[in-house]
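The block underneath contains the structure these notes are about, expressed in structure tokens.
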Amino acid sequence: MSTCRGKPQPPKATVLHAQEIPEGGGGDTIWSSSAAVYDLLDPDLARYFEKLRAVNTFIASPKKSALSELLSGYDVPEGTQEDSVEAGLARVRDAAQKYPPIEVPVIKTHPENGRKLVFVNEGHTSHVLGVSKTASQSLLNYLYDLIKTPEVQARFEWRAGDVAIWDNRQVQHYAARDYGSARRRIHRITLEHDGVF
């Protein structure tokens, strides 16, 4: 699941508009409510998490999906020759400068509805501050497992022309990569942060 990397104040909302969907299906988007995840926490554990801070960084993901995409030329338009390892490394350096590591609270409060929510994610959070490496990974894995709980998720099967919009401050999302080499094209619009969060 992913929220916006490298920004202490995430965008307010995200809009997706499906242009082209794999013919055989696949590429569903899965959303997870970070507020519903918080509600699953034992009250004593929730209070502990509220005291913690973590680090978000561009290359935190265990799968390094963003990094591998940059290295492979995934984001390079078709027909260009800029898919060399050198070009990929340059894109990684640029992204690392654009999105330097930042410190974030593990739990935040939504500015409009007042709900507490989990503010770490597997794609961008590298570690929890002030605890051992083993404890950090155990705490994060616990939260990541809750984020993957079906009861806090919604899954959407796309059709061409569909539009989805969500509150990026309290929802994490993930696009299933289960469509092989088929084309999947979805346009994204991000609404900028508009206040204190």
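The values are calculated or read from the model by the stated rules, or taken from the named source; none is laboratory data. Every value quoted in this text rests on a predicted model; they were computed, and no experiment measured them. A quick note on method: Cβ atoms are made from the backbone with ideal geometry, for glycine too, and the neighbour counts reach across all protein chains shown.
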Of the residues R169, R177, R188, R184, which single one is within 16 Å of the chain's Cα centre (by Cα), basic (K, R) and farther than 23 Å from N56 by Cα?
R177
Identify, by number, the condition in (1) part of a helix (DSSP H, G or I); (2) modelled with pLDDT of 70 or more that E69 doesn't meet.
(2)
Going by what's in this entry, would E151 be described as assigned to a helix (DSSP H, G or I) and touching a residue at least 24 places away in the same chain (Cβ under 8 Å)?
yes
Can you tell me which residue is nearest to E50 (Cα to Cα) among those in segment 102-132 that are touching a Ser or Thr at 6+ places or on another chain (Cβ under 6 Å) and outside any strand (DSSP E or B)?
N121
With the requirement that a residue be closer than 14 Å to S32 by Cβ, of a type in the set (A, V, I, L, M) and assigned to a loop (DSSP other than H, G, I, E, B), what does segment 163-197 give you?
A176
Here are some residues: F49, F58. Which one is at pLDDT below 95, closer than 28 Å to D194 by Cα and buried (at least 17 other Cβ atoms within 10 Å of the Cβ)?
F58
Would segment 133-143 turn up any residue that is in a strand (DSSP E or B), closer than 25 Å to A35 by Cβ and either touching a residue at least 40 places away in the same chain (Cβ under 8 Å) or in the same structural domain as A35 (by TED's automatic domain parsing) (or both)?
no
If you scan segment 93-137, which residues turn out to be buried (at least 20 other Cβ atoms within 10 Å of the Cβ) and in contact with a Gly (Cβ under 6 Å, 6 or more places away or on another chain)?
none
Of all residues being among the β-branched types (V, I, T) and in contact with a Leu (Cβ under 9 Å, 6 or more places away or on another chain) in segment 143-164, which is nearest to S126 (Cα to Cα)? Just the residue, please.
T149
